[in-house]
Structure formats: C-alpha cells, structure tokens
Amino acid sequence: MKRPAGSLGKGADSAPADTRLLAIAADQLKEFGPKHITVVGIADAAGMTHANVYRYFTNKAALIDAVAGQWLREMEATIADIADSPDPADDKLERLIQAWARVHRDLLKEDRHLFDVYCTATETSRPLVRKHRARMRQLIERVLDEGIVTGKFDPRDRERAHAFISDAVYRFINPLTVRLDAEVPQDILDQRLAAMIRVVLRALANGSV
C-alpha cells in the first residue's frame, strides 16, 4: 500500500490546497514526528500563511488526524479490493487477513511516527479509528456472509463467527499489539498468522463457532 500523501512530486503546485497540505504534513510527520511539526512550518512549505491552513484544518491535531485518516482509507481500499474479488470466500478471507496484517507491519517499518499516531488514536478511541473499525467490520461481514451463502462457511452463529475472526487475528491487526511485536522476526510472525488463519477457516467450515 502506498504511503499517505507522500512526496509532493510534479504538479504539486496545481493540486488542491488541502491535498498539498496533507502531502507536506505527511512528509514532515515522517521526518520529524508529531511533536516537532508546526502549522507555521507546514504553511511555509506550502507557500501560504498559517491562517490559510486553518481554512482547511482547525488545528495541528486535526491535520495529523487527516494524515492518519488518509492512510486508514487507503488500507480500507486495499481490503475492499480483496473483498470484492471473484475468488471463493475462504480464499478471500485468508488474503484479506494477510493483507490487513501486512499493511500494519509495513507502516511500522516505513513510518514509525505515523504508526505511533495511529496507536494513540486507537488508545483514545478517536472518531477516525471508530469509523475505521466500523468500515472494516462491514468488509469482514461481507466475506463472511458470502461464505455462508456459498456453503464455504457454516457457522452456528454469525455474530460469534465474526467475533471469533477478530479475536483470533487480533495480535496481527491491532496497532498496539503489532508495535509490541516490532522486534519479532517477520518469518515467525508469518508462521503464527498462517496457523491462526488455518484455525479460523477450519472453525468456520465445520461449524464449531
């Protein structure tokens, strides 16, 4: 999954002001961290006054939330592409969970400051995280329901089945636990995730949840 906003690149000056501000904020956040970026600095880099920034974002926290929110939406788009693919539901669920885990691990490696912002937003249950969780739940339910209709899954209770999926892979998709596993080798994490996915698919198929 590509970085949120990222480098300004060619044609940046012609981009909408809020898009340019997000791109600059994402770059400065990655380099300096949230404590060391300022609205004035971002405005200077965008070639505008700091008062103009407040036309688009109420304060620095709102701007940082917007950067995190953009990354979350890109993650959701990645997952939605898998959920909407023509593959069987069990294959989709496996790929969906793997992608969900991978984008978290990639962000941890590539942009630790943004990852820490995401962790803080999760700890404080900020609105952008609550909305993200709701959208991710819808995508998981879409695949689960498809599996039930097509006979790939035969859970005894739909709600318990959804909860079981979330609980089984929690370690790999929650930013707080992903951060705790930062020093665990990737191959070991991959093995553990693959084992949990096998448990999930088997439980959904045989109706043990």
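The values are calculated or read from the model by the stated rules, or taken from the named source; none is laboratory data. Being a predicted model, the structure only gives us computed values, none of them experimental. Neighbour counts run over all protein chains shown; Cβ positions are idealised from the backbone, glycine included. Ligands, DNA and RNA are excluded from the accessible area calculation, which covers all protein heavy atoms including side chains. Shrake-Rupley method; radii C 1.70, N 1.55, O 1.52, S 1.80 Å.
Given the criteria buried (at least 19 other Cβ atoms within 10 Å of the Cβ) and modelled with pLDDT under 95, does R55 qualify?
no
Out of Y118, Y170, report the one residue that is free of Cβ contacts under 8 Å to residues at least 24 places away in the same chain and aromatic (F, W, Y).
Going through Y118, Y170 in turn, just one is free of Cβ contacts under 8 Å to residues at least 24 places away in the same chain and aromatic (F, W, Y): Y170.
Answer with yes or no whether E74 is more than 13 Å from the chain's Cα centre (by Cα) and open to solvent by 20 Å² or more (accessible area, probe 1.4 Å).
No.
With respect to E94, determine if the residue is within 14 Å of the chain's Cα centre (by Cα), under 19 Å from Y170 (Cα atoms) and assigned to a helix (DSSP H, G or I).
no
Restrict the check to the range 32-55 and report whether at least one residue is under 16 Å from G69 (Cβ atoms), assigned to a helix (DSSP H, G or I) and under 24 Å from the mean Cα position of the chain (by Cα).
Within the range 32-55, one or more residues are under 16 Å from G69 (Cβ atoms), assigned to a helix (DSSP H, G or I) and under 24 Å from the mean Cα position of the chain (by Cα).
Which count do you get for residues in the range 147-176 that are more than 17 Å from R198 (Cα to Cα) and open to solvent by 30 Å² or more (accessible area, probe 1.4 Å)?
10
Yes or no: R133 free of Cβ contacts under 8 Å to residues at least 40 places away in the same chain, within 30 Å of L63 (Cα to Cα) and open to solvent by 90 Å² or more (accessible area, probe 1.4 Å)?
In short, yes.
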